[in-house]
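> Encoded as structure tokens, here's the structure I'll be asking about.
Please treat every number below as a calculation from the coordinates, not as lab data. In this text the structure is predicted, and so the values were computed from the model without any measurement. Note: ideal-geometry Cβ built from the backbone for every residue, glycine included; neighbour counts use all protein chains shown.
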Protein chains: 2
Amino acid sequence: MKNRITKLKTPIHFRSWASVGGYEERRGPLGDKFDFCDTSDKFGQKTWEIAEAEMGRIALNTSLSKVGLSHTDLELLVAGDLQNQCVASSTGLSSFGIPFLGVYGACSTCTESIMMLSSFIDSSDNMKIGAALTTSHNSAAERQFRTPVEYGGQRAPTAQWTSTAAGAFLLERGRGDVMITEYMPGRIIDGSTADGTNMGGAMAFSAFDSITAYFEESGEDIHNIDYIVTGDLGKVGSDILKELLSKELPGAERLHTDCGLLLYDMKNQDAHSGASGCGTSASVLACHFLPMLADGKLRRILFLSTGALMSPSSLLQGENIYGIAPLIRLESGKEN
Amino acid sequence: MKNRITKLKTPIHFRSWASVGGYEERRGPLGDKFDFCDTSDKFGQKTWEIAEAEMGRIALNTSLSKVGLSHTDLELLVAGDLQNQCVASSTGLSSFGIPFLGVYGACSTCTESIMMLSSFIDSSDNMKIGAALTTSHNSAAERQFRTPVEYGGQRAPTAQWTSTAAGAFLLERGRGDVMITEYMPGRIIDGSTADGTNMGGAMAFSAFDSITAYFEESGEDIHNIDYIVTGDLGKVGSDILKELLSKELPGAERLHTDCGLLLYDMKNQDAHSGASGCGTSASVLACHFLPMLADGKLRRILFLSTGALMSPSSLLQGENIYGIAPLIRLESGKEN
């Protein structure tokens with residue numbers, strides 16, 4: 001089945017957003033742009049798992065306080081994370097008392113949750129404002145997916161560094177400085193590898209599938225797009241995607257950039273192939289791309305968080321990694 | 001924030017549905033009503049995890065073939081399961097090539113996914129038909145959440161039996177024999193217990209929260225509703241819910257029934273407090289309630305799959321279990 005673009009019927013804008021990070025995120029080239037970083041990565045909590053929940057809560061509260069809103073103003077919360085059973089989201093948000101939808105899209109959670117929230121606001125007459133939240137935590141993710149960081153396991157050159165980062169987004173009906181105008185869910189694409197140390201390479205094909213489907217379906221001229229931003233393909237995945245795009249959609253490869261290559265200093269931060277984790281695209285969207293769209297420095301971008309659909313068990317059982325790349329189109333409300 | 005009911009703007013109906021189960025499901029009182037059961041629980045596969053993926057694929061294909069459709073007719077698939085990283089859904093559905101949204105709502109996945117799919121069809125002009133799929137597998141879930149079944153761990157009297165079951169639902173724009181007319185996401189409610197052997201009791205409060213919010217918000221007369229169906233509260237959770245309802249919404253407790261009490265013979269199947277697992281409400285909806293609505297034997301029901309938001313790690317770390325109960329309103333298209 002060919003993928004379909006949905007054009008939102010009602011205008012929906014980003015009323016507010018916030019980014020929270022940890023130690024490596026603060027040290028990185030975008031460190032100054034984060035709303036808050038806790039360089040202990042602990043956020044005042046006793047376990048890494050609860051630290052992630054607290055980080056999400058801080059991000060959501062920050063996005064609310066920036067525009068003088070309270071959590072009681074929110075009508076819906078769509079959230080996800082990488083912890084088993086997505087407990088960072090449920091634990092962190094339980095005290096808010098907001099109607100909640102949990103999503104699991106691996107590292108594609110950011111665009112998947114924004115898309116779902118947009119759809120709910122668009123279809124519901126009595127829903128006006130909601131929040132999408134995405135978190136990942138390096139120490140919680142490492143010990144769940146691989147080994148506890150204390151173990152000191154060696155990482156392959158193709159491996160990426162799971163970010164300790166959160167992005168919170170308040171979406172509201174009506175026009176504003178940054179609008180979401182279209183979305184397109186991703187398809188599950190076989191990454192043709194069972195190598196858990198090369199997830200960027202596995203996901204590149206799903207990003208390629210969504211990007212080419214978007215331009216085919218929309219007929220959009222690539223020159224109208226400022227950036228095609230992927231979530232966390234890292235160096236290996238980005239190189240694969242660029243090569244594929246240069247053959248199929250010549251010129252599109254020059255519009256491509258990847259949040260996994262922006263978050264850390266690729267020379268000095270030991271991130272190997274770059275950043276990964278669903279907080280990567282969420283935090284880079286919040287601290288880097290949304291401000292540029294709000295200022296009118298960017299006019300319109302395609303934004304695709306990229307997810308690797310696998311589990312430690314599925315890899316041990318020899319299953320391939322599947323990728324998915326849900327796409328949203330974001331436009332500046334300050335058109336010249 | 002008070003929970004909000006969304007009334008669908010466009011009529012959406014259940015074009016088709018299918019239920020698939022395993023050994024215990026075939027032996028249970030609804031066994032005859034399942035479309036297919038594999039009493040080996042293996043579905044021809046080498047691992048329980050892939051067996052679950054295959055079971056989901058069979059359910060989806062059965063729902064399609066019942067109405068002469070192919071997977072290429074579907075425009076969106078919303079699916080979830082209980083395996084870590086929801087790999088049963090992604091592995092089982094990768095070959096379909098359908099745009100995909102993964103959800104995680106623990107055992108609330110059935111109503112959460114139906115709600116999300118309805119919202120997407122409602123808000124998208126070019127989306128007409130999609131599928132929602134939910135699976136759980138006893139042997140895959142037991143070894144992930146507790147211990148492998150071969151270990152023979154003793155179960156507490158309050159514990160439930162995770163079903164090996166799948167439910168697939170094709171939703172299409174337009175009127176039909178069974179319609180979804182309203183939905184309301186659940187709120188995350190603290191179950192006030194960290195006892196992983198009593199998840200029904202933990203979830204009862206979230207079901208109570210959604211049910212009372214629905215009647216308060218809608219002003220609906222309880223006499224207009226044939227059944228209030230919860231997902232898998234089991235005996236312990238159902239008793240708690242009934243007691244709460246009898247005080248707050250007198251009469252509503254008599255409308256209550258629970259899929260976890262319907263799937264197995266509570267006297268002879270060693271299910272302790274009843275069935276659990278997200279396949280429970282999905283399969284019982286498909287094999288029991290939808291046919292009665294389609295025939296006009298039932299006029300309208302409220303259906304709430306109930307989810308316990310926790311992970312094995314969060315329980316070991318002493319965190320409470322949180323419940324959630326997204327609600328959908330289903331109506332017969334054959335109104336007298």
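> I need the semi-axes of the equivalent ellipsoid of the stretch B:4-161: take the C-alpha gyration tensor, multiply each eigenvalue by 5, square-root it, list largest first in whole angstrom.
Working: eigenvalues 166, 61, 47 Å².
Largest first, the stretch B:4-161 gives 29, 17, 15 Å.
> Sort shortest first the distances from residue B:193 to its counterpart in every other copy, using label points 7 Å along the Cα-to-beta-carbon line, and give them in nm.
Spacings between copies for this position, smallest first, are 4.6 nm.
> When a footprinting reagent is the concern and you count Cβ atoms within 10 Å, what order do A:267, A:2, A:128 take, fewest first?
Starting with the residue having the fewest Cβ neighbours, the order is A:267, A:2, A:128.
> Ratio of alpha-carbon Rg to the 2.2 N^0.38 Å globular estimate for chain B, to two decimals, please.
0.91
> Still on this structure: Restricting things to alpha carbons, find the Rg to Rh ratio for the protein assembly as shown using the Kirkwood radius for Rh. List each step's numbers first, then the result.
On the way: Rg = 23.0 Å, Rh = 24.3 Å.
When Rh is taken as the Kirkwood radius, the ratio is 0.95.
> List the distances, in nm and shortest first, from the label point of residue A:45 to the matching label points in every other copy, placing each point 7 Å from Cα along the Cα-to-Cβ direction.
Inter-copy label distances (nm, one decimal, shortest first): 3.1.
> Over the stretch B:288-336, what number does the Rg to Rh ratio reach, with both radii from the alpha-carbon atoms and Rh per Kirkwood? The partial results should precede the final answer.
Details: Rg = 17.2 Å, Rh = 13.1 Å.
Taking Rh as the inverse mean 1/r over Cα pairs, Rg/Rh reads 1.31.
> Right, another one. Can you list residues from other chains, or at least 5 along the same chain, whose modelled amide H is less than 5 Å from the amide H of residue B:276?
B:161, B:162, B:163
> Moving to a separate point now. In whole percent, what relative contact order does the stretch A:199-336 give with Cα contacts below 8 Å and a gap of six or more residues?
Details: 245 pairs, mean separation 42.1, N = 138.
After rounding, I find 31 percent.
> Is the shape of the stretch A:100-171 rounded, prolate or oblate, going by the alpha carbon gyration tensor and its root eigenvalues a ≥ b ≥ c, with a/c under 1.5 for rounded and a/b larger than b/c for prolate?
Details: a/c = 3.70, a/b = 3.21, b/c = 1.15.
Taking the square roots of the gyration eigenvalues as a ≥ b ≥ c, the stretch A:100-171 is prolate.
> Below 8 Å between Cα atoms, with a sequence gap of 6+, how large is the relative contact order for the stretch A:6-173 in percent?
On the way: 336 pairs, mean separation 54.4, N = 168.
Relative contact order comes out at 32 percent.
> Looking at the square roots a ≥ b ≥ c of the eigenvalues of the Cα gyration tensor of the stretch B:43-120, which shape do they give, rounded for a/c under 1.5, prolate if a/b is larger than b/c, or oblate? It would help to have the intermediate numbers written out before the result.
Working: a/c = 1.79, a/b = 1.07, b/c = 1.67.
Here the stretch B:43-120 falls in the oblate category.
> Do the alpha carbons of any pairs in B:7/B:334; A:128/B:247; A:9/B:9; B:66/B:297; A:9/B:128 sit beyond 23 Å of each other, and which pairs? Mind showing how you got there, number by number?
Details: B:7/B:334 19 Å; A:128/B:247 33 Å; A:9/B:9 13 Å; B:66/B:297 21 Å; A:9/B:128 16 Å.
Cα-Cα > 23 Å for A:128/B:247; rest within.
> Shortest first and in nm to one decimal, what separations exist between residue B:125 and its copies in the other chains, measuring from label points 7 Å along the Cα-to-beta-carbon line?
2.0
> For chain A, with only Lys/Arg (+1) and Asp/Glu (-1) charged at the beta-carbon, what is the dipole magnitude about the Cα centre, in debye rounded to 20?
Details: 29 positive and 40 negative charges, 78 e Å.
Roughly 380 debye, rounded to the nearest 20.
> Shape call for the stretch A:73-226 from the C-alpha gyration tensor, a ≥ b ≥ c root eigenvalues: rounded (a/c under 1.5), prolate (a/b greater than b/c) or oblate? Show your work: numbers first, answer last.
Working: a/c = 2.47, a/b = 1.21, b/c = 2.04.
Oblate shape, in that a/c is at least 1.5 and b/c is the bigger or equal ratio.
> With θ set to phi - 60°, apply the Karplus curve 6.51 cos²θ - 1.76 cosθ + 1.60 along the stretch A:207-214 and write out the HN-Hα couplings as whole Hz, x wherever there is a Gly or Pro.
Along the stretch A:207-214, the couplings run 5, 4, 4, 5, 5, 5, 4, 4 Hz.
> Please list, in chain and number order, the residues 5+ apart from residue A:83 or on another chain whose amide H is under 5 Å from its amide H, with Hs placed from the backbone.
A:88
> For peptide B:320-331, what's the mean number of Cβ atoms from other chains within 10 Å of each residue's Cβ?
Values: counts 2, 1, 6, 2, 6, 0, 4, 0, 0, 0, 0, 0.
Mean shielding count: 2.
> Turning to a different aspect of this structure: Could you size up the charge dipole of the protein assembly as shown around its Cα centre, putting +1 on the beta carbon of Lys and Arg and -1 on that of Asp and Glu, and report it in debye to the nearest 20?
Values: 58 positive and 80 negative charges, 114 e Å.
Computed about the Cα centre, the dipole is about 540 debye.
> Compute the distance from the alpha-carbon center of the stretch B:103-159 to that of the stretch A:9-23, in whole Å.
Here the answer is 29 Å between Cα centres.
> By DSSP, what percent of the beta bridges with both residues in chain A are antiparallel, rounded to the nearest 5? Show your work: numbers first, answer last.
On the way: 37 of 55 bridges.
If I count the DSSP bridges inside chain A, around 65 percent turn out antiparallel.
> Could you work out how far the C-alpha centroid of the stretch A:240-300 sits from that of the stretch B:300-336, in angstrom?
A separation of 37 Å, based on Cα centres.
> Can you compute 3J(HN,Hα) from phi for each residue in the stretch A:129-137, using the Karplus curve 6.51 cos²θ - 1.76 cosθ + 1.60 with θ = phi - 60°, rounded to whole Hz and x for Gly and Pro?
9, x, 10, 10, 9, 9, 9, 8, 9
> Plugging the Kirkwood radius over Cα pairs into Stokes-Einstein for the stretch B:178-332, at a temperature of 37 °C and a viscosity of 0.692 mPa s, what D comes out in µm²/s?
On the way: Rh = 15.6 Å.
Calculated translational D: 211 µm²/s.
> Mind sorting A:129, A:50 by how few other Cβ atoms lie within 10 Å of their own Cβ, fewest first? Mind dumping the intermediate values first?
Numbers: A:129 19, A:50 22.
Ascending Cβ contact count within 10 Å gives the list A:129, A:50.
> List the cysteines of chain B that have no other Cys Cβ closer than 4.7 Å: which are they?
Here B:37, B:86, B:110, B:259, B:287 come out as lacking a disulfide-compatible partner, given the Cβ-Cβ threshold of under 4.7 Å.
> Ranked by Cβ crowding within 10 angstrom, fewest neighbours first, how are B:302, A:261 ordered?
Details: B:302 27, A:261 23.
Lowest to highest Cβ neighbour count: A:261, B:302.
> Roughly how many nanometres apart are two label points built 7 Å out from the Cα toward the Cβ at residue A:222 and residue B:10?
3.3
> Across peptide A:185-196, what mean number of C-beta atoms from other chains lies inside 10 Å of a residue's C-beta? Don't skip to the end; give the middle numbers.
Values: counts 12, 4, 8, 15, 3, 2, 1, 0, 0, 0, 0, 0.
Counting other chains' Cβ atoms within 10 Å and averaging over A:185-196 gives 4.
> Return the Rg/Rh value of the stretch A:203-280, two decimal places, where both radii are evaluated on C-alpha atoms and Rh is the Kirkwood radius. Could the numbers behind the result be given before it?
Working: Rg = 12.8 Å, Rh = 12.9 Å.
Rg divided by Rh gives 1.00.
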